[in-house]
Structure formats: C-alpha cells, structure tokens
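Q: Please find one structure pasted underneath; my questions will follow.
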Ligand SMILES: C[S@@+](CC[C@H](N)C(=O)[O-])C[C@H]1O[C@@H](n2cnc3c(N)ncnc32)[C@H](O)[C@@H]1O
C-alpha cells in the first residue's frame, strides 16, 4: 500500500491512500477500472462532525462524583473533526458522480450512502447521471443507537442507493454474501433455518461498537459488516474498489479481509492519519510528514 497526494501521477500499481480533494484525484484515475465505488459523503447536516475521546481518571479535585463519593476528572485525549455544511450540496456532488460513473468497469456498481436529509434529492440526481434504468436498489441500513426525540419517529436508518454502469450487465454474487438468521426460523425447515437466509434490501446492523476492535474514533465511521456485504456481492476477488470519501478507511479494511485491491481518497489530513494507523502503513517521519500534510491540505 502506498500513500500519495491527489496532484501526483496516479497509477493502479498498488493499493493507494490519496490525500487531497477527490475531484482532483478522480480526474487522474484510469477510466473503467473499478468493480465497485462506495461513496459516503458528508450528509450535509449543517454542522461540523466532531468526535471526542475522553480519558477518565480518579482525582480528589475532579468535577464528577462517582460511586462511593469518589471524584473523577475527564480530560480530552483527542478530537477528530470535518466540516459538513454545503451551500449547494447537489452541485458539489454532481461532477464527482459523473466522474465516478466513468471510472466504473462495464460490470461495475456504485453504492451511494446518505441519510434522510438529502436521500430523495440525491436519488433524482443519480437518476439523471446514471439513467433511471441503471438504478438497482435502495438499501436501508437500520440501526438503533443514540437519542430518541419524543415528538416524531426517531430517525434510525441510512439509505444506500445502488446504481450500475451497464443496466443488466452488472456483477452481483449473491452466494458470496454472509447469510443471516431467519426472523421466524420456526416457519422454515430445520435445514433452511440452520443455513440462514440471504439478506434483503433492509439491513439490521449495529453501529460501530463504542469499545470494539473496529473503533477508530473518526466521526461517522461505518461498520465493517455493512461494507463486507457490499464488497462481497459487487466486486470480483482481486478486483479494484474505490472510496472517494474514505474517512477512517473502512472500505480499505474490508478489501484487505476479502482479498480486493483499493483506492481511498480523503482531503482531511486527520482521516489520512487514521487510515495509515488502521491499515498499518508506516507514516512518513517528522519533517516529511509535515510537508506531505501541508501539500495535502493545499491539494
Ligand atoms: C461520512 S465521512 C466517511 C466515513 C467513512 N465511510 C468511514 O467509514 O470512516 C466523509 C469523509 O469525506 C471527506 N471529504 C469531504 N469532502 C471531500 C472532498 N472534496 N475530497 C475528499 N474527501 C472529502 C471528509 O473529510 C470525511 O472524512
């Protein structure tokens, strides 16, 4: 695996982690090369996405009182953030989606991850860019975590819109996808119940567990289990997968597990640092690292 910046010459000779604006990097990648493109852009929530990691330690002068009257102090270990507010969200997405379509192989597939705020506008944009006949699925990822408002139904799902490069000519390996338990196993034979069922277009899956192995601390990190289904079904073993909004690098981690090649792009130097730590790249030492980060911030 190699790290580089978006303005460099980009060749698919190794797994790549690219620092810089994806509009610049996408323009430099070879067309018709990718089995799968997974896009998980900022959702245009109108606020910065921020994840704080806190350390708690015993301190007689601490502000928090715990069990048995003991006092504790919390301190901020790290703060990871990226901006999520766009003047014209669809105008930001459109050129990137058009380029993504050109980068897909003839049997390739785009997975576009979004939430309820923009999903319907994005569907119309994707219909325009790919053609309505190229629409394959609307996946609902349902989770159950976080605050629940009392005056409306708590929004606890994301939408993943799936489009293919060539209608009817896409790769899809349903047998490669991990099966899941039947909701009512008593209604099917014991043999079927033991084998489990193929997932449908509604996926019940937890968010990244707060203390689990996967957790990187990067805001809006997606669970590997969700990405595993996508990669298993819609890419060939050894094929190339691309994530232009890579964040913590979940797509790369899953590609490693399933024997696929990957290209990850992010313009946030903190994301690049998290990806390098997660995927085990030796980061550039001292001055070189600072120069690379500065170049990435300018790219
Ligand atoms: C929703 S997060 C992706 C999370 C990722 N799927 C994960 O599992 O960690 C969106 C990412 O897109 C990046 N981003 C936003 N605009 C970008 C751009 N123009 N070029 C490259 N990266 C961008 C942000 O820095 C952020 O890391």
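Q: What order do you get for 136, 161 when you list them from fewest to most C-beta neighbours inside 10 Å?
A: Going from least to most buried by this count: 136, 161.
Q: Rounded, prolate or oblate: which fits the stretch 149-206 when a ≥ b ≥ c are the square roots of the eigenvalues of the alpha-carbon gyration tensor, with rounded for a/c under 1.5 and prolate only if a/b beats b/c? Present the calculation step by step, with values, prior to reporting the outcome.
A: Values: a/c = 3.17, a/b = 1.05, b/c = 3.02.
Cα axes put the stretch 149-206 in the oblate bin.
Q: As a footprinting exposure proxy, order 250, 7, 206 by other Cβ within 10 Å, with the fewest listed first. Each step should come with its number before you reach the end.
A: On the way: 250 26, 7 17, 206 12.
Ranking 250, 7, 206 by Cβ neighbours within 10 Å, fewest first, gives 206, 7, 250.
Q: If you take the Cα Rg of the stretch 89-168 and divide it by 2.2 N^0.38 Å, with N the number of residues, what do you get? Working shown, then result.
A: Working: Rg = 14.5 Å, N = 80, 2.2 N^0.38 = 11.6 Å.
This ratio for the stretch 89-168 stands at 1.25.
Q: Going by how many other beta carbons lie within 10 Å of each one, how would you line up 85, 270, 180, fewest first? Kindly include the intermediate steps, with their values, before the conclusion.
A: Working: 85 11, 270 19, 180 15.
Fewest-to-most Cβ neighbours within 10 Å comes out as 85, 180, 270.
Q: Just round it to a whole percent: the fraction of Cα-Cα distances in the stretch 110-232 exceeding 24 Å. Each step should come with its number before you reach the end.
A: Values: 3112 of 7503 pairs.
Of the Cα pairs, 41 percent sit more than 24 Å apart.
Values quoted throughout were computed directly from the atomic coordinates according to the rules given, and no laboratory measurement underlies them. For clarity, every value in this text was computed on a predicted model and none was experimentally measured. Virtual Cβ from ideal backbone geometry, glycine too; neighbours counted across all protein chains shown.
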